[in-house]
1. Just to check your reading of the model, which residue among A:SER527, A:SER567 is closer than 30 Å to A:GLY328 by Cβ and touching a Ser or Thr at 6+ places or on another chain (Cβ under 7 Å)?
2. Can you tell me which residues in region A:154-180 are under 21 Å from the mean Cα position of the chain (by Cα) and either in a loop (DSSP other than H, G, I, E, B) or of a type in the set (D, E, K, R) (or both)?
3. Against the conditions (1) within 14 Å of chain B (Cβ to nearest Cβ); (2) in a loop (DSSP other than H, G, I, E, B), where does A:TYR199 fall short? Just the number, please.
4. Within region A:281-319, which residues are of a type in the set (Val, Ile, Thr), out of contact with any His (no Cβ under 9 Å at 6 or more places or on another chain) and within 14 Å of chain B (Cβ to nearest Cβ)?
5. In region A:338-348, what count of residues is obtained for those that are over 24 Å from A:ARG280 (Cβ atoms), in contact (Cβ under 8 Å) with a residue 40 or more places away in the chain and open to solvent by less than 30 Å² (accessible area, probe 1.4 Å)?
6. Can you tell me how many residues in region A:459-469 are surrounded by 24 or more Cβ atoms within 10 Å (Cβ to Cβ) and part of a loop (DSSP other than H, G, I, E, B)?
7. Just one of A:ASP198, A:ASP186 is in contact (Cβ under 8 Å) with a residue 12 or more places away in the chain, over 20 Å from the mean Cα position of the chain (by Cα) and within 23 Å of A:ASP285 (Cα to Cα); which is it?
8. Quick one: which residue in B:ALA243, B:ALA259 is closer than 30 Å to B:VAL211 by Cβ, open to solvent by less than 10 Å² (accessible area, probe 1.4 Å) and more than 16 Å from the chain's Cα centre (by Cα)?
Amino acid sequence: MIRIQFFLVAMITVTIGCTPSDSKAPTKGATPPESTGSGSSSEGLASTSPWFEEAAAEVGLDFQHVSGADRSKLYIPEIVCGGVALLDYDNDGDLDVYCVQGGRAPSPQVEASANHLYRNRGDGTFEDVTQEAGAAALGYGMGCAANDVDRDGDIDIYVSNAGSNVFLVNQGNGTFLEASDVLGADAPGLTASAAFFDYDADGDLDLCVTEYVGWTPSSDLSCTATRSGHDYCQPNNYQAPTADHLFRNDGGRFVEVTAEVGMSNAKGNGLGVVSGDFDRDGRLDLFIANDGTHNHLWYQTEPGKFEERGLRSGTAVNQSGRVEAGMGVAAVDIDGDEDLDLFLSHLLQESNTLYLAKDGYYEDATDRYGLGGSSIPHTGFGLGFFDFDLDGDLDLFIANGRVMQPIENVPANDPYQEENLLYENTGSKFRVLEPKGGSSPPLIATSRGAAFGDLDGDGDTDIVVINRDGALSYLRNRREQLSDRHWVMFEVRDGTGAFAQHARVTIQAGDKQQTRVIDPHSSYLSSNDPRAAFGLGEATSITSVTVRWADGTEEGFAPPAIDARHSLVRGTGVGKPPGKQP
Amino acid sequence: MLSRMHQQTDSPAISSHASIPETRTPGPRRGTGAALSCALAVVLLAVSSCTPSKPPPPITRLSNLDVDPLILARVDEEVRKAADAPGNPKVRCRLAYAYDANGLEEPAITEYRALGKIAPNDPLWPYRAAICLIESGNAAGGRAEIVAVTERFPNFAPAWHRLALIHLEEGDLAAARAAIDRCLASRPLSLPGKTTLADIHLREGDAERAVSILEDVTRAATDDRHARFLLGRAYQRTGRDDAVVEVLLSEGAGAVARAVEDPREQTMAGLQTGLAREVDRGIALIQAGRAADAVRVLEAALRAHPNDSNIMLNLAQARAQAGDTPGALSMIKTAAETDSKNFRVHLVRAILELGAGDAAMNPKATGSLGAPPPAASDADREKARKHYETALASGSRAARFGPKEWRSHFTYARAAHRSGQLDLARSALEKAQQIVPNDAEVNQFMFELTWQLNDRKAALAALERVVAVNPNNLVSWVNLVHTRAALEDFEGAAAALERARAIDPGHPRVIGAAEKLDTLRAAAGSSQTNSPRSP
């Protein structure tokens, strides 16, 4: 019998009101700025200056993904795997990196399938601590989700596999314990993305896990593309769409309630998942990006009951009525009207799609926002909206990589590779920046999971990308280009000290109001920095900070100093914001 | 994707002339007379005697032999015909279509280019080559060639329509509008053209105009699912939100836009083949009740793909529907041996064996789930027992290899029930119930089974689920009357009786249930009165 020890970690962060907790100097501040031509406004962005630099090797992030692909027999998990989580597993205030490894699909219980945990030393470099931390979690890995599942103040990890999934419980002493048997939440099929959220509002985190297709190694198909010969099958070849999984946290054990809540009523080829209150009724809902089948928008229509409303809401298929190949997904408020819009990455020859929430339904606004044409030649997976240039609006990065070989001009080293894309938000539209993906040389790979966060502690957002059968990419934001721009970052915690999932943080700086929702679970197979990061442009002060907690109550906090990280802890604010009622 | 839009056809609004290339070189003007014709003939004769005539472009043969044997056979046939008449555009056209229809874009493009040399003033060949280029993944190259076709053949509506759709995908509504206007100028009655115009209006935010156009289109083309989807969306945008909208959206989602076609393109569909296509054809024929045709199609497919269990699976079902039970059982047995871990194969085998067992017991058996098998001779019983035994083994395998599929457990339960293993049947059925807790069929069977097992409470629970799902099923309400009465819940039984009466007060079952309830109530009252423990 495995005995789990949950260590209660003392709250050591100084969290009275809104206290700066940034004790680290930016690690790249000493680098002299290059001549980039970047001005202080977004219009001044030089179109060819690299905004990111590849720094994985330099900082010790030496993860090499292995899909196990062998041309004599191809297994479908090999072409869609590879997730990553950014988490502060050792509670030292900086982000560590957890990389999910593939292996060899039919026989994953070998060392080659070990996931890797990299500890951030605090000086911008990393060390592989997989063994001492007990974080290998053998199994053919797909993705992961990181959160404080047991509410003991440290971050745990759930790993989705092609096969049984693994729960890694953080023991609070720098090590993890595999506790899948105790915690449950196993879904032994081909699972993909996972997201923790408290759907029943009972104060603990429940879990949704997508399942791609009803697959086992023995049921794998062999497919021959008419044009390019032997290649991976498409999910619909299996004709085995499945229900996704919802696990309710019942006092620390995750019990499958998929059928009970109504989520077994619709099946699909689930890959991406994101949660949020999409219909603004105060209850959390779910959105599942399906690959080649209708997307599912599960509205929680009454407590504990979900109804699938994808088609009626306008999110099941695109505006032409076409079913698309949903991979990654994010829920953000693109147009600033306080509701959650949805953005999905898709297959080559389909555009990525932006569904804009509008008066009770969603409108396909992909073209209006300039996100259509540029994405048609690519197959998108990981994605994230973040303010890479600290100008106060959300930009977009998409990790790309094919799932079928091209017919001509097949790259010799990797037939599935594609360039990644970085979009700048210009206020009314997004535009692709050069060099593609924002780095030079551009990242051209079979990219899959992507996670976003401030790894080097300098206030801007960096990117980690898992590349299938390639080295991990760490795209470090070149802070020196943003020397005249300001930022602020918040750790938002509830009364227990855990990250306050689905809290909305709104700040006013200058004439700009910005909002972020605390939710690390979006993108593709990945978990992001759980903190709320804001770019302030040239604003030199913040005039208000308000948090709307998941239960709908609001709390104001004293305006904090800029260019620093702060904690916002529930109950420690300055009271309700003026004119606001719970 | 723009892929395969050519598979659906435009109603040829002006088909009488549309098959004629639209920029054909004009013939001699009236009145120029025979003299000119003769002179021309003389000149042509002189030229032909001096210059050797240009040989037609060579036939494109398939170099990649790693293709589906069904496709290979179809292409080979057209190659043979084209080799006999390499200068005949009709024959060459069929060869190009055979490649095109079967996703072999590269040789299709080569053939279309050859046709472009044979008949240079026909816009169809460069147009189809451009489509193939797009299909092959070269979207930019294909787009450029479509533009070139519109410039060279400005009255060729299919190219304008395609260009409009490309602009729509690119989000350039103004350019899409300009292109669709050109398309409709050439074919003002084209329904796919009008549908695209409505799509543009919808994207521009003018839902009222879109509704007006789409209502006309869907009246004229009731099977145009894409237009129906757009109409659903357009209704939504005008504030309508009712069952009609839901039906339009659910029926139309996933359908692709119909293309404005050159009528000659319709030939292509008949040349399409391949494993998936033939299996789909077989399934469609089974669903249409044309089992004999399905058997023919699937047997041909199986000859080309002798180890494909999916074909076998469908062929077994087609044979069963055609009345060839031994052929069906033999086929599904082979499928189970070929693909032993495929739960679908075992599931279908269990279902077929159950059917054969029931037929052996009584050719008129209705297959009622809980009904005891009717009387039969010993030989029939033995025959049925063997079928049920095989069904039980197959059902067990289906449940093992398809543990998340409720039908596997349900069928296993049926087989166990037929074999007299009621506890096993209940256990399997409970698994099905866990997967689909509100399924009426599963709960109805659970009701019948637990009733048989004398577990009235479980029977009641299952039946209550049945009526919750099917509140207008009279028989279920009557059963509920009996079940509640058996548990001495007379008030509940009376309530169920009222529901049954509301559906059909004069139905004999309702009248019978009312009488039974009265009798039981009276008996219970009397027994309570006579009870020694009653006060």
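1. Working: A:SER527 fails: touching a Ser or Thr at 6+ places or on another chain (Cβ under 7 Å).
Within the list A:SER527, A:SER567, the selection yields A:SER567.
2. Looking only at region A:154-180, we keep the residues that are under 21 Å from the mean Cα position of the chain (by Cα), and these are A:154-162, A:165-170.
Once the filter is applied, which keeps residues that are under 21 Å from the mean Cα position of the chain (by Cα) and either in a loop (DSSP other than H, G, I, E, B) or of a type in the set (D, E, K, R) (or both), region A:154-180 yields A:ASP154, A:ILE155, A:ASP156, A:ASN165.
3. Looking at each condition in turn, A:TYR199 falls short on (1).
4. Taking region A:281-319 first, the residues of a type in the set (Val, Ile, Thr) are A:288, A:293, A:301, A:315, A:317.
Next, only the ones that are out of contact with any His (no Cβ under 9 Å at 6 or more places or on another chain) stay: A:293, A:301.
Of everything in region A:281-319, just one residue is of a type in the set (Val, Ile, Thr), out of contact with any His (no Cβ under 9 Å at 6 or more places or on another chain) and within 14 Å of chain B (Cβ to nearest Cβ), namely A:THR293.
5. Step one: list which residues in region A:338-348 are over 24 Å from A:ARG280 (Cβ atoms), which gives A:345-348.
Narrowing the set further to residues that are in contact (Cβ under 8 Å) with a residue 40 or more places away in the chain leaves A:345, A:347-348.
Restricting the remaining residues to those that are open to solvent by less than 30 Å² (accessible area, probe 1.4 Å) gives A:345, A:347.
The total comes to 2.
6. Applying the first criterion (surrounded by 24 or more Cβ atoms within 10 Å (Cβ to Cβ)) to region A:459-469 yields A:459-468.
Imposing the further condition that a residue be part of a loop (DSSP other than H, G, I, E, B) reduces the set to A:459-461, A:468.
Of the residues in region A:459-469, 4 are surrounded by 24 or more Cβ atoms within 10 Å (Cβ to Cβ) and part of a loop (DSSP other than H, G, I, E, B).
7. Working: A:ASP198 fails: over 20 Å from the mean Cα position of the chain (by Cα).
Just a single option satisfies the conditions, and that option is A:ASP186.
8. Values: B:ALA243 fails: open to solvent by less than 10 Å² (accessible area, probe 1.4 Å).
Every option except B:ALA259 fails the conditions.
The values are calculated or read from the model by the stated rules, or taken from the named source; none is laboratory data. Keep in mind that what you see is a predicted model, and the values were worked out from it rather than measured. Virtual Cβ from ideal backbone geometry, glycine too; neighbours counted across all protein chains shown. The accessibility values were calculated without ligands, DNA or RNA, using every heavy atom of the protein model including side chains. Shrake-Rupley method; radii C 1.70, N 1.55, O 1.52, S 1.80 Å.
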